[in-house]
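Below: one structure, written as structure tokens.
Read the figures in this text as sums done on the coordinates, not as results from a lab. Note that this is a predicted model, so its numbers are computed, not measured. Methodologically, a virtual Cβ is constructed for each residue, glycine included, from the backbone with ideal geometry; neighbour enumeration extends over all protein chains shown.
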Amino acid sequence: MAKPKIATASLAGCFGCHMSILDIDERILKLIELVDFDKSPINDFKEFTGRCAIGLIEGGCANEDNVHVLRDFRKHCDILISVGDCAINGDIPALRNNIPLKECLEEAYLNGPSVYNPEKTIPNDKELPLCLDRVYPCHEVVKIDYFLPGCPANAEIIWQALVALLTNKPLELPYEMIKYD
Amino acid sequence: MIESLQSEVKQICKSCGNDRTKMMDIVRGVQEKFGQVSSEAMNLIAKSVNCHRVEVESVVSFYAFLSKKPKGKIVIRLCNDVIDKMAGLAPVADAFKKELGIDFGQTTPDGKITLEYTPCIGMCDQAPAALVNDEIITYLSSDKVRELVADLRKHYNPDKIIHRLGDGNNASELVHSCVHNGIRKKGRVIFSEYKEEAGLKNALAVSPVEVINEVKNARLRGRGGAGFPTGMKWQFTRAAEGTKKYILCNADEGEPGTFKDRVILTERADMLFEGMTIGGYAIGAETGILYLRAEYAYLRKLLEKVLKERRDKNLLGNNILGKKGFNFDITIQMGAGAYICGEETSLISSCEGLRGDPKTRPPFPAQKGYMGNPSAVNNVETLCCVARILEMGAGWFAEIGSKGSPSTKLLSVSGDCRLPGVYEFPFGIKVSDLLKEVGAEDAQAVLIGGPSGQIIGPNDYKRTICYDDLATGGAVVVFGPERDMVKIAAEYMDFFVEESCGYCTPCRVGNVLLKKYLDKILDGKGEPTDLDFLKSLGESIKITSRCGLGQTSPNPVLTTLKNFRSSYESKVKPATDGFQPTFDIKKALAEHESIAKRKSVIYTE
């Protein structure tokens, strides 16, 4: 029987949660025994090759490309997991949510104290994805099955969750493991 | 202007003894005088009472009846409770907007009239109703609104808008209000004939401990909703360390659908103050405070008069009725529009001149209450019961009602029934019997105990109203067969979202989420899994909230989910693609499309 496949994506995040995936250290070899990686920055597959058992999503949705990728994951994955606080709450990128988009762009490209932009242009190439009016947590865009909190979600809970799902065993997350403050 | 502000504010502070614990009276005074508590006024107050400016602003920003921005000389507050909506609020609201030419939350350009919504003002049996400053207008219709606005425009004097007077003391010179008592059924305890001051005399003839024992023997439990045994509360307060003790009466009747205390305050003020005096004697207090909700300010003059008469008769003051060493008096503390202040620790905060934030318990008020002193906080009806217990004896009192719940209970009935009003029934009455009495045999649902209570359906009509089964602070709201119970639950969540004090996250955020999911379901975008989510979220809010508000606010959702499941199920359908139907990508992109002057190439239609 073919191994189940997992896919991962980083949307509006900092790749910190992907670092956490790598932080499972040598257990990544064990993981490779259990699964094949499909679309993921880890193997640099740009497109899905088929149906996946699990999709891990880092980051919330800040632009149309994020939405496109997330919906693609929902189409291809049986189980979708929001990993980390950006996926769950929007978090740091969502700090812009109370500021009008126009002001955000102007601050970033024109008015910010460290901006050097003699041409005074805001990038607007047609290849650039358009921003959403605000940053959305993933579960407001598609249905999410599970949530693994943390900034970043630590390696241990990612590992425990994957093993529990792949071996069909109940997941035990002791309080200490999900306590971050 | 600045000078007059300066001298007026100073004067108001001085009249309150420049005492920061009298902050509620100070800011209410400034608001009344200037129609706002401006930034400058806050600075002046802080200087006068020697506190930080933020302490003033935190109070002003907390209460609905206070405002930093200027309001009109006349403030019209239209009650937008669920019952008012059922009674035809929409055309009334439209008429106000049309006649005044402004929207809700706005002031007319001449700065004279402000139009606002306000939650339940305790007039559910005569809805739709509104406050015009302190005056109450009931049974509103669009015609009546036109007359009212025309009338107001002539003289801008709220005192002159009352043309028809209500019954009983409502018609008295001091109240002068169109409110009706609507007493539909008089029971044996509160609304029957009683011998004034007999209870107080009997109490003063025995020791305070014996008074407490009498109340204990009567098995009196709090009438506000929580049902704590009154005798035990008093025993704790009496036993607590401290030389100064207080008895506080909670007349902040804000639970939507509750209006029985309004009628007691109108018709049984003497009985209430007698009960308070007995309480003061029992726990060893020299001061009683009646915390009166701002919506009932129209009753204040009457209550002050009753207090004065009692002082003249030596029923208040020093050595009351010749009892050497028993000195007791009562003051009235006005609220300023905050539901949370009905929660006893919030009420104490408010009396202390603070925001109405609940306090951490323990210590309980009985140990450390008002100003850190042992305090007993009792409901209006509870204190009336005390007067009757001391008059008639614990045995008489305990005999009435059901086994676990002695005596009678005032029920304020409103909604889809023929005979709304106040009913005094012995505890243990069946819901079905009550519905027959009020003319609502076809009720689809009944809300018992207000939105923080429970919404039940016909399967539960055989249950009884008492502490051991369906407990209530008095609210009974009837919903007829045509009402959408999911919508009703959503409207009650609007109320809790507005009234949450914001201190703890489960209540501040959780209630908003409950409302969002209900809206999603009402919008036809809900999924069956949303129902499970509502349940688990509601239960989390209940367990993790800091005070009674959040511990009960999910009840409209949880009880309708349980009792009207089919109504929810008919509105949800499973999503096939796993996308959230509430997320609208075109809407989310519109802003950037307009800024960038290009259209999305991914989401083209």
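Structure summary
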{"item": "Against the rule of thumb 2.2 N^0.38 Å, how large the Cα Rg of the protein assembly as shown comes out", "result": "1.10"}
{"item": "Phi to ³J(HN,Hα) by Karplus 6.51 cos²θ - 1.76 cosθ + 1.60 over the range B:222-230, Hz, x for Gly, Pro", "result": "x, 8, x, x, 6, x, 6, x, 5"}
{"item": "Long-range tail of P(r) for the range B:419-496 (Cα pairs > 20 Å, %)", "result": "26"}
{"item": "Sorted by Cβ neighbour density within 10 Å, fewest at the top, the residues B:Trp234, B:Trp396", "result": "B:Trp396, B:Trp234"}
{"item": "Burial ordering of B:Arg28, B:Arg311, B:Arg388, B:Arg300, fewest other beta-carbon atoms within 10 Å first", "result": "B:Arg311, B:Arg300, B:Arg28, B:Arg388"}
{"item": "Potential extension, B:Glu441-B:Asp577 segment - 0.36 nm per residue separation minus Cα distance", "result": "44.5 nm"}
{"item": "Sum of side-chain charges, B:Ala588 neighbourhood, beta-carbon under 9 Å (Lys, Arg +1; Asp, Glu -1)", "result": "-1"}
{"item": "FRET efficiency, 1/(1 + (r/R0)^6) with R0 56 Å, evaluated for B:Asp94 and B:Lys14 via beta carbons", "result": "0.80"}
{"item": "Assigned charges on the beta-carbon of Lys, Arg, Asp, Glu; the range B:74-163 dipole about Cα centre (debye)", "result": "220"}
{"item": "Per-residue Cβ neighbour rank within 10 angstrom, fewest leading, B:Glu352, A:Glu127", "result": "A:Glu127, B:Glu352"}
{"item": "Cα→Cβ-extended label distance, 7 Å offset, between B:Asn157 and B:Lys186, nm", "result": "3.7"}
{"item": "Restricting the range A:113-154 to chymotrypsin sites (Phe, Trp or Tyr not before Pro) in coil, as DSSP defines it, with at most 10 other Cβ within 10 Å", "result": "A:Tyr116"}
{"item": "Simple spin-label estimate for B:Glu193 and A:Met19 in nanometres, 7 Å along Cα-Cβ", "result": "8.5"}
{"item": "Rounded to the nearest 20 debye, dipole of the range A:75-181 from Cβ charges on Lys, Arg, Asp, Glu", "result": "220"}
{"item": "Qualifying trypsin sites (Lys or Arg not before Pro) for the range B:92-121 [loop in DSSP, other Cβ within 10 Å: at most 16]", "result": "B:Lys112"}
{"item": "Calculated on alpha-carbon atoms, Rg and Dmax of the range B:2-60 in Å", "result": "9.6, 26"}
{"item": "For chain B, average projected area of the Cα convex hull in nm²", "result": "30.1"}
{"item": "Nonlocal amide H pairs with A:Ala7, under 5 Å, H built at 1.01 Å", "result": "A:Asp38, A:Ile54, A:Gly55, A:Leu56"}
{"item": "Simple spin-label estimate for B:Asp110 and B:Ser58 in nanometres, 7 Å along Cα-Cβ", "result": "4.1"}
{"item": "Chain B - mean residue ellipticity at 222 nm from DSSP helices (-39,500 (n - 2.57) per run, n ≥ 4, rounded to 500)", "result": "-12500 deg cm²/dmol"}
{"item": "Total charge dipole magnitude, the range B:2-60, about the Cα centre, Cβ charges on Lys, Arg, Asp, Glu only, Debye to nearest 20", "result": "140"}
{"item": "In order through the range A:116-124: 3J(HN,Hα) via Karplus (6.51 cos²θ - 1.76 cosθ + 1.60), integer Hz, x for Gly, Pro", "result": "10, 8, x, 7, 6, 10, 9, x, 8"}
{"item": "Amide H within-cut-off set for B:Thr118, under 5 Å, with H built and near neighbours excluded", "result": "B:Leu78, B:Cys79, B:Asn80"}
{"item": "Options B:Leu220, A:Ile79, B:Gly578, ranked by Cα towards positive dipole end of the protein assembly as shown, top entry (Cβ charges)", "result": "B:Leu220"}
{"item": "Sites B:Ala226 and B:Glu32, calculated FRET efficiency, Cβ-Cβ separation with R0 35 Å, nearest 0.05", "result": "0.55"}
{"item": "Spherically averaged projected area of the range B:184-399 from its Cα convex hull (nm²)", "result": "11.0"}
{"item": "Karplus-derived 3J(HN,Hα), 6.51/-1.76/1.60, for each residue of the range B:334-339, Hz, glycine and proline x", "result": "7, x, 8, x, 8, 4"}
